[in-house]
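Quick notes on the structure that follows.
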Amino acid sequence: MKRKIATALLTSALLMTSASAAFAETEPNNTWETADVMFDNNSGDISNIDDQDWFYTTGGGTLYLDHQSFFGNTDMYVYNANMVRIGVYSTAGDEEVYLPYGTYYICVLGSSGHYALDWR
Ligand SMILES: [Ca+2]
Ligand SMILES: [Ca+2]
Ligand SMILES: [Ca+2]
């Protein structure tokens with residue numbers, strides 16, 4: 001009984017944490033095999049031109065890559081669940097694409113910069 005209560009408390013604490021805090025990428029994540037699971041309010045940094053940040057997500061809607069640094073640029077490649085590249089989004093500004101509900105891998109890359117990646 002005590003154990004059940006402790007588990008419930010822990011679960012609610014985790015839920016509260018994930019609801020309020022931004023989820024930061026965890027390096028190394030430079031390959032699809034090491035992709036981070038994408039939560040709400042994802043953020044990360046492209047630290048240099050060789051850095052790639054991979055995310056894995058199941059969802060749908062508008063996928064938005066918000067470049068938040070004054071300098072640099074970040075872009076994204078989108079792959080389907082079979083690792084077939086289905087889109088390249090590489091403007092000088094933010095990137096967005098509407099995707100039907102599904103499972104996707106997203107590769108964030110670019111010259112440098114801090115970014116946020118989310119479904120909108
Ligand atoms: Ca990174
Ligand atoms: Ca990386
Ligand atoms: Ca860009």
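The values are calculated or read from the model by the stated rules, or taken from the named source; none is laboratory data. Computed from a predicted model, the values in this text were never measured in an experiment. Because the Cβ atoms are built from the backbone with ideal geometry, glycine has one as well, and the counts that use them run over all protein chains shown.
Data table
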item	result
Filter result for MET76 (at pLDDT 95 or above and within 15 Å of the chain's Cα centre (by Cα))	yes
Residue under evaluation GLY59, criteria (1) part of a strand (DSSP E or B); (2) within 8 Å of the chain's Cα centre (by Cα); (3) away from ligand 2 (no atom under 12 Å from the Cβ), criterion not met	(2)
Residue match in segment 96-118 (condition: out of contact with any helix residue (DSSP H, G or I) (no Cβ under 9 Å at 6 or more places or on another chain) and assigned to a loop (DSSP other than H, G, I, E, B))	no
Subset of segment 73-97 (residues that are over 20 Å from TRP119 (Cβ atoms) and surrounded by 17 or more Cβ atoms within 10 Å (Cβ to Cβ))	ASN73
Filter pass, ARG85 being among the basic types (Lys, Arg) and at pLDDT 95 or above	yes
Any hit, segment 33-55, residues being modelled with pLDDT of 95 or more, in contact with a Ser or Thr (Cβ under 8 Å, 6 or more places away or on another chain), away from ligand 1 (no atom under 16 Å from the Cβ) and not in a loop (DSSP other than H, G, I, E, B)	no
Any chance ARG120 is surrounded by fewer than 13 Cβ atoms within 10 Å (Cβ to Cβ), within 19 Å of PHE23 (Cβ to Cβ) and in contact with a strand residue (DSSP E or B) (Cβ under 8 Å, 6 or more places away or on another chain)	yes
Condition met for GLU27 (surrounded by fewer than 16 Cβ atoms within 10 Å (Cβ to Cβ), part of a strand (DSSP E or B) and either at pLDDT 95 or above or within 14 Å of ligand 3 (Cβ to nearest atom) (or both))	no
Matching residues in segment 26-41 - criterion: being within 13 Å of ligand 2 (Cβ to nearest atom) and either of a type in the set (A, V, I, L, M, F, W, C) or touching a Leu at 6+ places or on another chain (Cβ under 9 Å) (or both)	TRP32, ALA35
